[in-house]
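> Here you go, one structure.
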Amino acid sequence: FSCSENLSLDSSCFSSPPVNFLQELPSYRSIARKRTTIPNREKQSGTLLKPTDSHSSQLQGGIAENLNSQSIRKYALNISEKRRLRNIQETQMKYLSEWDQWKRYSSKSWKRFIGKAREMATHLELWRKDIRSIEGKFGTGIQSYFSFLRFLVLLNLVIFLIIFMLVLLPVLLTKYNITNSTFVLIPSKDTDVQCTVYPISSSGLIYFYSYIIDLLSGTGFLEETCLFYGHYTIDGVKFQNFTYDLPLAYLLSTIVYLSLSLLWIVKRSVEGFKINLIRSEEHFQSYCNKIFAGWDFCITSRSMADLRHSSLRYELRADLEEERIRQKIAERTSEETIRIYSLRLFLNCIVLAVLAACFYAIYRATIFSQEHMKKEIDKMVFGENLLILYLPSIVITLANFITPMIFAKIIHYEDYSPGFEIRLTILRCVFMRLATICVLVFTLGSKITSCGNYSCELCGYNQKLYPCWETQVGQEMYKLMIFDLIIILAVTLFVDFPRKLLVTYCSSWKLIQCWGQQEFAIPDNVLGIVYGQTICWIGAFFSPLLPAIATLKFIIIFYVKEMSLLYTCRPSPRQFRASNSNFFFLLVLLIGLCLAIIPLTISMARIPSSKACGPFTNFNTTWEVVPKTVSTFPSSLQSLVHGVTSEAFAVPFFMIICLIMFYFIALAGAHKRVVVQLREQLSLVRKSRSWL
């Protein structure tokens, strides 16, 4: 065998199998088709260059024959050759027809305009200088957190614009007589008068502190504004030529912003998913990546360079510890395996017990708050009333603060690898933070649909305690949003800053040395803002202006976290790479979106809508507006809609989707095998060089 005898690096020895395998992939074939279509298109345009005797001229002639002048920069030619090739092509442009010349010049002008527009768009990017400065001082891991925060600001701004255009704008145009339009109010049929009673406690003597309570809880004067669902008790807006269906627009705005959020998150997470999909599990390559490609060249600060050095040392120690644990697992006897799995089962039961205790505490706090919040304000002092209103939010915040510390203690006894310890702890904290919101919403739902001693058949819900239950759910989401912002500001001002002063000026005290400076932990901060975004997704249906409040909240958090990072905190030694961070952030955000869709779907499809407020007073449920709208379509369109939504269409469609999914899974596996074969090829090349 000639290759093994000569030990040469000939491509025929090592590259043949991978290349043949690559050529069978659909992606390679699509590229090949593009390469074959470009020469034909250019030959029709008449831009052929005659080759000369030199190899360089032949290369240039081939390039000029296949590609236009805008693609010359992609080839490995020096500047003089590129200029010479461009001059030749510009000379031959004179022999083209006027139509072909106009197409070439217009194409160049359009590409130049697109390039200039993209350059201008980068200068208009929100917080561009701040994020670049953070990236230069603290690396790409922390920069990815602030970029993620900017993404949430833009997402909430777009959600607010969608709700504003579809719901709020027609109401404001009619309310302030900007257009020649009137409100359409259809009297409800077959509805008892008791179900339409909606008392708002805003009469009588009002104390000064009641305005503060109203501002913090969304009650009183805020309850009557466009901030909440109950303000939109309108069946439509009649313009000059058409009638605007407000109930349908209200439901469509919710569907549109949820769909847009899903598509935007999936689009941004695709790149990170590709990287994580083809990432090798080979430990030798992990060591090489950390040693030879682990440095972050965006770092310019000396302290951050030292921190990066310590971070790489920590990662290498963690890899060695994981290798030690893998070896320990391989040498573990059956008795030790049974013992460790029994211990993990017991500790997971403790975790479930902690979660159950937190959920039960939230359930009891919500019930207690709902039963006592109907008392008159003058029967309670200011602090007692505020405590009762914010009791569920306080319990949720305490649960989110205490449970991560308990999980961090428990994980040390489960004998996992360091990397898996971090991932499992984060997963438990994500579930805890997001599940608390769902527990609150489902508790409210159980109180709304249960009527105690009397029957709910009259209105379909507890009208006595919840005359407009959508508004009261929106008030709970509003309180969670405001209380979360207050906690973030309070922790930064009254914990982080004093801690920084103590560490700076009282560093000789042993207690202060043990306490140390506050770390800027990326996972904890990300979980905080994902928690706030999940509240916004759930509450936007019940409080249409909640996305605008969330936008302002995230803007405030950006500046507060930036000041905290620069002046009070130190970066965590466990740093994240930007690619890993972005994928992790978006994955957690996608989980939050899925959890937000569940209670929204149940509330719109199962719980009867309020008969005293809102745009759905003439419907049993919110979703009932959809079949009513479909019934107004022409018969042919109705049959098409019914056919698309029937089981006869859904089952084949689901099967086709599954086949497409399996195809892409197989394609991803093929690409991963290509990566493995190319790595094996590189390994053979490395061995052959050592033999030489």
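The values are calculated or read from the model by the stated rules, or taken from the named source; none is laboratory data. This is a predicted model, so every value here is computed, not measured. Quick reminder, even Gly has a Cβ in these numbers, built from the backbone with ideal geometry, and neighbours come from all protein chains shown. Each accessible area value is taken on the protein alone, full model and side chains, heavy atoms only, with ligands, DNA and RNA left out. Shrake-Rupley method; radii C 1.70, N 1.55, O 1.52, S 1.80 Å.
> Before I look further, what does segment 643-682 give for accessible area per residue, probe 1.4 Å, in whole square angstrom?
Counting only protein heavy atoms, the per-residue value for segment 643-682 is 76 Å².
> Taking every pair of alpha-carbon atoms in segment 643-682, give the share separated by more than 15 Å as a whole percent.
For segment 643-682, the share of Cα pairs beyond 15 Å comes to 59 percent.
> Same structure again: Scan around VAL184 for amide H atoms under 5 Å from its own, H built in the peptide plane at 1.01 Å from N, and keep only partners 5 or more places away or cross-chain.
Residues meeting the amide H criterion: ASP235, GLY236, VAL237, LYS238.
> Viscosity 1.002 mPa s, temperature 20 °C: what is the translational diffusion coefficient of segment 595-692 from Stokes-Einstein with a Kirkwood Rh over Cα pairs, rounded to a whole number of µm²/s?
Calculated translational D: 112 µm²/s.
> Can you list residues from other chains, or at least 5 along the same chain, whose modelled amide H is less than 5 Å from the amide H of ARG570?
For ARG570, whose amide H was placed from the backbone, the distant partners under 5 Å are GLN518, GLU519, PHE520.
> Provide the FRET efficiency to the nearest 0.05 for the ILE591-VAL256 pair, computing r from the beta carbons and using R0 = 30 Å.
0.90
> Determine Rg/Rh for segment 166-266; Rg is computed over alpha-carbon atoms and Rh is the Kirkwood hydrodynamic estimate from the same atoms.
Ratio of gyration radius to Kirkwood radius: 1.05.
> Which length gain, in nm to one decimal place, applies between VAL193 and LEU248 when the Cα-Cα distance is subtracted from 0.36 nm times their residue separation?
Once the chain is fully extended between VAL193 and LEU248, it gains 17.3 nm.
> Could you report the accessible area of LEU312 in Å², rounded to 10, computed with a 1.4 Å probe on the protein chains as they sit in the structure?
30
> Hey, rough spin-label estimate for VAL641 and ALA666, points 7 angstrom out along Cα→Cβ, what's it come to in nanometres?
If labels sit at VAL641 and ALA666, their model points lie 3.8 nm apart.
> Using a 1.4 Å probe on the protein chains only, how many percent of the accessible area of segment 128-625 belongs to carbon and sulfur?
So the carbon and sulfur contribution to the accessible surface is 65 percent.
> Distance cut-off 23 Å, Cα to Cα: go down the list LYS409/LYS553; LYS479/LYS553; LYS189/LYS447; LYS267/LYS290; LYS238/LYS628 and report the pairs above it.
Checking Cα-Cα distances, LYS409/LYS553; LYS189/LYS447; LYS267/LYS290 exceed 23 Å.
> If the chain between CYS226 and ILE186 were fully stretched, how many nm would it gain, using 0.36 nm times the residue separation less the Cα-Cα distance?
12.4 nm
> Still on this structure, I have one more. Over the residues of segment 128-625, compute the C-alpha Rg and express it relative to 2.2 N^0.38 Å.
1.10
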